[in-house]
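What follows is a single structure, written as structure tokens, with notes after it.
The values are calculated or read from the model by the stated rules, or taken from the named source; none is laboratory data. Source: prediction; values computed, not measured. Cβ coordinates were reconstructed from backbone atoms using ideal geometry, including for glycine residues, and neighbour counts include every protein chain displayed. Side chains included, ligands, DNA and RNA excluded: accessible areas come from the protein's heavy atoms. Shrake-Rupley method; radii C 1.70, N 1.55, O 1.52, S 1.80 Å.
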Amino acid sequence: ARIDDNDGEFLLIEAADFLPKWLNPENSDNRVFFYKGELHIIPLSETHEQECDLSAASPTISQALTLLSSRSEEFLAAEPIRTAVYKRISGYPEKIQASFHRAHCYLPAGIVAVLRQRPSLVAAAVQAFYLRDPVDLRACRSFQTFPPDKRVMTVVTFTKCLYAQLVQQKFVPDRRSGYTLPLPSHPQYKAYELGMKLAHGFEILCSKCSKVSPDSKRNVLRGPLWERFLSSLKEKNYFKGEMEGSAKYLELLHKAEDYFQQSVTKPESSVEVSPGDEILTLLETTTIDLKEFEREAACLPPEDDDSWLEITPDDLDQMLKEARNESLPSSNEEEQKYDLEAVAESMKAFVSKVSTHEGAEMPWSSDESHVTFDVDSFTKALDRILGADSEELDSDDLDEEEEFDFSDEDDEDLDAENQRQDEKVSPNELIGSLKSYMNEMDRELAHTNVGKSFTTQKKGVTTTSQSAGPDSGAEDTELTPVDVDMNLVANLLESYSAQAGLAGPTSNILQSMGVHLPENADHVGSNKGATE
């Protein structure tokens, strides 16, 4: 057996981390099989030996089955691949029931009759509505196939994914369609809305069908093959003794004709019947008993609770943890063991990493080496920029000189002064001069709103700034250094709290480095509490 869908060999997605490098979606067709309960993968080398066309990406069904029947033990998938796939499919088919959702829908009687025969058509209808475009909605202005005048309440079984796609879509029907909704306060508003959306999906499917002519259908049912098929049905008592021409006999006959057209007259390689064609065929062969549907609507079973649609951030984190096979600690343990120093250290490690055009490297552990500062290289860099080996003025400097129209005497004075400074200034003196400038700036900023917005270190660990010069006088007060780590953590927590549980820059950066912040339990004054 082989299983695929519109994504191809979708089970291999579960084992993507363990697949051989040669296996990709382009060459995986007819290579992945379940044989005697085990997963088998036919490698490239085997099929290339068997195929006439060496450029073909995939073997044929017959070639693959021949290889499996003769040498299946050689193609058994590796243990990690089988483990990953079996873990995903364990518990089925019993687990399928947990994925269903039953809901009340107010539908046209024709759709109710079709779903009784083929419940799986609900998937195609939901997809048609979900992926609709303006061209599709043109058919929903008049509703030729499913008019809204004969509607009944019924129970429809969805998968949870299909139900969520239908419920979460915001849609207002065209006034010309005849589909109207009651007030949102109406107790059955959701059933009316679901039925309206589902009816639009079925109508879109029927508008896309190929519309096979009745003459071609009659020609198919005139050949000897059909006669032998009908005789075989009569011999096997398919019509259960019903009289020819009776309503029950004709109903069984239409079903047989439908089966014959879809299965007997069409080879395996033919194009699959479209959902729209199948719906129209079922409408022709199925008897619609409106009174029976109305009697059943009077005693419908209760619909399922859809509270599973709403999840909290904690529920989402738990689901992600389970998907990664990680254990999620309780909130109390997380808060007790949490160390805010990890936030500051992780951010320092992140800043120290090298970024390229592909992005920044993420440090996954706070135990990595801390940021280092090479004083010698820094001094040499400053010396090259401002030191004795200063180069001539560039074109921009010359432009500025012309703009200000300096006189020759001023130029001579500046050259002489620069020459004296080049002879006297050493790198150490230059560093000291820079520090004095920085201290002057610190004093000016300390009394502004910018300076007061930062958290400073406690008095016990304060340091005294150096004197900026002889003119500082009484203003040479003791400056308290800014607590860099505390300000970093406080700002990160404030940004994280402003995210209100949603994704944001703080949570994305920290989580990529393995740091998970606990939820803000204060909600008010979180920044002040963090600062304290």
Original post:
Would you call Leu181 of a type in the set (A, V, I, L, M) and assigned to a loop (DSSP other than H, G, I, E, B)?
Top reply: yes
**OP:** Would you be able to say whether some residue in the range 103-114 is open to solvent by 20 Å² or more (accessible area, probe 1.4 Å) and under 23 Å from Gln168 (Cβ atoms)?
**Re:** yes
Subject >> Residue list for the range 149-179, filter: in contact with a Phe, Trp or Tyr (Cβ under 6 Å, 6 or more places away or on another chain) and open to solvent by 30 Å² or more (accessible area, probe 1.4 Å) >> reply: Arg151, Thr157, Gln165
Original post:
Could we say that Thr464 is modelled with pLDDT under 75, open to solvent by 90 Å² or more (accessible area, probe 1.4 Å) and of a type in the set (Val, Ile, Thr) here?
Top reply: yes
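Here is a yes/no grid of residues against (1) assigned to a loop (DSSP other than H, G, I, E, B); (2) under 24 Å from the mean Cα position of the chain (by Cα):
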{"residue": "Gly91", "(1), (2)": "yes, no"}
{"residue": "Ile96", "(1), (2)": "no, yes"}
{"residue": "Gly110", "(1), (2)": "no, no"}
{"residue": "Pro119", "(1), (2)": "yes, no"}
{"residue": "Ala123", "(1), (2)": "no, yes"}
{"residue": "Phe129", "(1), (2)": "no, yes"}
{"residue": "Arg141", "(1), (2)": "yes, no"}
{"residue": "Met153", "(1), (2)": "no, no"}
{"residue": "Phe158", "(1), (2)": "no, yes"}
Subject >> Residue, modelled with the lowest pLDDT, within the range 60-89, restricted to residues that are under 26 Å from the mean Cα position of the chain (by Cα) and of a type in the set (A, V, I, L, M, F, W, C) >> reply: Ile89
Original post:
Is there any pair linking a residue in the range 12-31 that is assigned by the TED database to the domain that holds Val85 and within 20 Å of Leu68 (Cα to Cα) to one that is among the hydroxyl-bearing types (Ser, Thr, Tyr) and surrounded by fewer than 18 Cβ atoms within 10 Å (Cβ to Cβ), with Cβ under 8 Å and at least six apart or on different chains, and which?
Top reply: Asn27/Ser58; Ser28/Ser58; Asp29/Ser58; Asn30/Ser58; Asn30/Thr60; Arg31/Ser58
**OP:** Provide a single number: the residues in the range 60-79 that are within 21 Å of Glu14 (Cβ to Cβ) and assigned to a helix (DSSP H, G or I).
**Re:** 2
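This table checks each residue for (1) open to solvent by 70 Å² or more (accessible area, probe 1.4 Å); (2) touching a strand residue (DSSP E or B) at 6+ places or on another chain (Cβ under 6 Å).
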| site | (1), (2) |
| --- | --- |
| Asp277 | no, no |
| Thr281 | no, no |
| Leu290 | no, no |
| Leu300 | no, yes |
| Asp305 | yes, no |
| Gln318 | no, no |
**OP:** For the range 1-30, enumerate the residues that are farther than 21 Å from Tyr92 by Cβ and either at pLDDT 90 or above or surrounded by fewer than 16 Cβ atoms within 10 Å (Cβ to Cβ) (or both).
**Re:** Asp17, Pro20, Lys21, Trp22, Asn24, Pro25, Glu26, Asn27
